[in-house]
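Structure record follows, encoded as C-alpha cells.
The values are calculated or read from the model by the stated rules, or taken from the named source; none is laboratory data. In this text the structure is predicted, and so the values were computed from the model without any measurement. Heads up, the Cβs are rebuilt from the backbone with ideal geometry, glycines too, and the neighbour counts pull from every protein chain shown. With ligands, DNA and RNA removed, areas are computed over all heavy atoms of the protein, side chains included. Shrake-Rupley method; radii C 1.70, N 1.55, O 1.52, S 1.80 Å.
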Amino acid sequence: MLLKTALRGMKKNLGMNLLTILQMLVTLTVTAVMVSSVVLRFRTYLPFADYFGGNAAFIYFDAARGAYDGDWTQFESLIQSPEKLLSYTKGDSILTVHKFPLGYKEDYIDKSYSYDDGIIERYQPLLKDGRWLSTDSEQLEAVVSDNPYGWKVGDTVEFNATLADESVIPVPVKIVGILTEGADVFGTQMRRVADELYYRQAFSPYSYEIEGEPLMLFSRSAVDKFVPEYSDIQVIVSSALIGYPDEISEDVIEEDCKTLSKMGGNICLPTSDMSEADNNYLFEQIYQLLPIVIVLMVLTIVSSISCSALTTRRSLKDYAKFYTLGLRWRQCALINLFQSLTIAVVSLALSLCAMAAIKLTPLSDSFMVILEPPVLLSLAVPLLLYLLFSMIMPLVMLSRTTPKEILQEE
C-alpha cells in the first residue's frame with residue numbers, strides 16, 4: 001500500500017521528479033567517469049609506487065643504442081646485466097627492460113623485449129586472452145600483441161636468434177597471452193616530450209593497428225635459462241628504475257644521473273622531480289570534474305528537498321487519514337522514502353545505460369568508464385546524500401503538526 005501511494009504521489013509531481021532523475025543521472029555518470037579515470041591511472045602507478053613515490057631515479061635509454069660503457073658501436077661496450085648498470089650508482093635495487101631481437105621466417109621482430117622478474121611480478125598489462133608471463137616457467141613464454149602471423153594462445157612458435165658470432169639458432173616460444181589493443185605496456189617506447197616528465201613516461205599504450213608490427217614480451221630470466229647462448233644479446237633499453245636507500249640525498253642521485261646520461265641515458269632524473277607532475281596527472285580528472293559533481297549534487301539536493309516538501313504538503317491529509325487507521329508518522333514518512341528510492345533506482349539504471357553507451361561509442365576516446373568496485377562504491381555517495389536530504393523536509397513537516405490539526409483544516 002505504501003509503495004502504491006508513493007507512486008501515485010510521484011505522478012502528482014511528475015515534472016519535478018523527472019528533473020531530479022535527470023540531475024541524478026548526470027551526477028552519477030560524471031562521478032563514474034571521474035573515479036574511473038583515477039582508478040585506471042593508479043592501476044599503472046601503484047605497482048611502481050615505491051620507485052615513483054620514493055627515493056629513486058628514472059632513466060630512459062634509447063632503443064637504438066641502449067645502455068653502454070665506452071663506445072656504443074662496439075658490442076663489448078653494451079650493458080646487458082642490471083647488476084652491472086646498478087654498480088655505476090649508489091642505488092640498491094633496479095628494474096630494467098631489455099631488447100630481445102628475434103627473427104620469424106623471413107621477418108625481423110624489432111619490438112621484442114624481455115623484462116626483469118621484478119617488473120613481471122609487479123605489473124600485468126590488460127590481456128584479451130591467455131595469461132601473463134610466469135617467472136618460473138618450464139619453457140620460454142611470450143605475451144604478444146595482435147599480429148599478422150595468426151599467433152594465438154597455446155601455439156609454440158619457432159623463432160631464430162642471431163648470436164654475436166653471426167650464427168643462427170632456433171628459439172621455440174610458447175604464446176601464453178595476447179595483449180588487449182591499446183593496453184598500457186611498461187617500458188617499450190616513449191612518445192612524450194621531455195618537458196612533460198611524469199611517471200607515465202614509463203608506459204605506452206600499444207596498438208598494433210597504429211604501429212603496424214607486433215610486440216613481444218618475455219622474461220629475461222627465462223631467456224637466460226632456456227637460451228643461455230643468447231643472454232648476452234639482451235641489451236638494457238627503454239625505461240629503467242633505480243631505487244636508493246632513504247639516507248641517500250637527491251644530490252647523489254643527480255650525480256648518478258650525470259653518469260648514466262653519458263652511458264646512453266637520454267633522460268635521467270630523480271623521481272622526486274616528477275612527483276608534482278605525477279599528482280597532477282593522477283588526479284587530473286578530479287580537479288576538472290569534482291566542481292561539476294558538487295554543483296550537480298547541490299542542484300539535485302535542492303530539487304529533492306523542494307519536491308519532497310511539495311509532495312508531503314499535498315499528501316498531509318492522506319497521511320492524517322492513514323494515521324487514524326493505525327499508521328504512525330514514521331510509517332507515513334516511508335512513503336516519501338519509497339519515492340526517493342524509486343527515483344534513485346531509476347537514475348542509477350539510466351546512468352549505467354549511459355556508461356554502456358559511452359563504452360560503445362566514439363565518446364570512449366575522450367571518457368573512460370569501468371564498472372569496478374571502486375567506481376560502483378563511489379556512486380553510493382551521491383545516492384545516499386540524495387536519500388538523506390530528500391527525507392529531511394517530510395520528517396520536519398510531519399513532526400510539526402498532528403493528525404487532528406490537519407483534519408480540522410479540512
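Could you work out what % of the accessible surface of segment 117-267 is carbon and sulfur, using a 1.4 angstrom probe and leaving DNA, RNA and ligands out of the count?
Within segment 117-267, the accessible surface is 45 percent carbon and sulfur.
With Cβ to Cβ distances under 11 Å as the rule, what net charge do the other residues near N160 carry (K, R +1; D, E -1)?
-2
Going by amide H atoms built from the backbone, whose H comes under 5 Å of the H on F203, apart from near neighbours?
G187
Skipping prolines and chain starts, which residues have an amide H placed within reach, meaning under 5 Å, of the one on D146, given they are 5 or more residues away or on another chain?
Distant-sequence amide H within range of D146: L179, Y208.
How large is ³J(HN,Hα) for each residue in segment 68-79, as worked out from phi by the Karplus curve 6.51 cos²θ - 1.76 cosθ + 1.60 (θ = phi - 60°), to whole Hz, x for Gly and Pro?
Ordered by residue, 3J(HN,Hα) equals 8, 9, x, 9, 5, 7, 9, 4, 5, 7, 6, 9 Hz.
Collect residues whose amide H, placed 1.01 Å from N in the peptide plane, falls under 5 Å from the amide H of V227; neighbours closer than 5 in sequence don't count.
Residues meeting the amide H criterion: none.
Please work out the C-alpha center-to-center distance from segment 270-300 to segment 114-161 and express it in whole Å.
Value for the Cα centre distance between the two parts: 35 Å.
Would you mind working out the accessible area per residue for segment 1-158, using a 1.4 Å probe, and quoting it in Å²?
That works out to 46 Å² for each residue.
Each residue of segment 122-139 in order: what ³J(HN,Hα) in whole Hz does its phi give by Karplus 6.51 cos²θ - 1.76 cosθ + 1.60, θ = phi - 60°, with x for Gly and Pro?
8, 9, 10, x, 5, 10, 9, 7, x, 9, 7, 4, 9, 8, 9, 8, 9, 7
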